[in-house]
Amino acid sequence: MSTVLGSLRRLALAPALSEVSFARRGFPGPASPATARLEAIPRAVVCGFEWGIDARDLTEVRDRVELVDDGMRGFAYEGVTMAFTVLDAMGAGRRRRTRELLLGPGAPHLFLAYIGIGFAMARLPRPLWRKVVPDLEPGPFHPTMTWLAVDGYGFDLAYFDVGTWVDQQRVPAPYAWQGRPDYFGRAVDQGIGRALWFIHGARVEDVDAAVRRFAPQRQADLFSGVGLAATFAGGCGADDLAALRRRAGRHAPELALGSVFAMRARVHAGFVPPHSAVAAAALTDLSVSAAVALADGTAPGADSGGPVPPYEIWRTNIRRHFDRAVVE
């Protein structure tokens, strides 16, 4: 049963299911089986948000999300995390909802949960951002991968305001995420790159052209976001992905980097759909197990507090593997 306060927050903060459709957003290109699949993803996120914002307890949320099929369940938890983050940041009740979710049923979907935190950030004033990441025990993914929250923030900006963030290519004001304001814009661009995959309906020629319209110094991060989305969300087959890799040219290692992170997230969640394995092979020449081994074998150590966050050190380590492959 929903709460009155939760319903009010849902009406104020969550887009309706119709609002996330590609037609309603005015995305270019015709409807296709690929766009139908991709549209189902933000719809799953919206459903998760509605369940989370209205739920009385974590058990109720879990019981609802577990009805979602394996391929979409992580996206529903992404929406739940968004809802819990909003509730916690706005000071409603115990302020431990997000932590309990990520230590409980949301744990396998940690990567998408961080992105859900970023969706909440897009709807919260910046002074509240310091409250959005729950206190978890340090591990291979936390806090290193919390930069995915900034990625999620960038995705949300581009998806819901193409004119400003894609057409006009606005650069967001810096924010000292993990004390690194200089890296903030790069992580936002990684999310914008993921959004371009959705905005252009997985049509590789259009996605590549969209990336190329950005300033050259932004394209590497955009391509890594494209690689992550193409692998995790899917939308086209091996031949098109091979064409995307050729089009990326010197940025092909960034596509591969995004693909490797997507595979690590999929395996962590315990479900690898066929399209993800196909994309990993096409963009990285690696099997699922080899992609995960590469991710795990290049993970950085503890944060030394230097100018480069461990998240980018990890990305650089993975990218170097593919840089060497290009040279060879």
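The values are calculated or read from the model by the stated rules, or taken from the named source; none is laboratory data. Worth saying up front: this structure is predicted, and the values here are computed from it rather than measured. Reconstructed Cβ throughout: ideal geometry from the backbone, glycine too, with neighbour counts over all protein chains shown.
A few points about this structure:
- Test: residue in the stretch 248-268 that is closer than 20 Å to P42 by Cα and more than 15 Å from the chain's Cα centre (by Cα): no
- Residue match in the stretch 290-298 (condition: at pLDDT 95 or above, within 22 Å of H142 (Cα to Cα) and outside any helix (DSSP H, G or I)): yes
- Note on the stretch 141-252: enclosed helices (runs of 4 or more DSSP H) holding 2 or more residues that are touching a helix residue (DSSP H, G or I) at 6+ places or on another chain (Cβ under 7 Å) and closer than 28 Å to A107 by Cβ are 147-160, 181-199, 216-232.
- Out of L136, L101, one residue alone is of a type in the set (A, V, I, L, M, F, W, C) and surrounded by fewer than 22 Cβ atoms within 10 Å (Cβ to Cβ). It is L136.
- Residue in the stretch 21-28 that is of a type in the set (G, A, S), within 19 Å of the chain's Cα centre (by Cα), within 21 Å of A83 (Cβ to Cβ) and assigned to a loop (DSSP other than H, G, I, E, B) present: yes
- Scanning the stretch 56-83 for residues that are buried (at least 24 other Cβ atoms within 10 Å of the Cβ), hydrophobic (A, V, I, L, M, F, W, C) and either within 17 Å of G270 (Cα to Cα) or more than 17 Å from the chain's Cα centre (by Cα) (or both) returns V61, V65, F75, A76.
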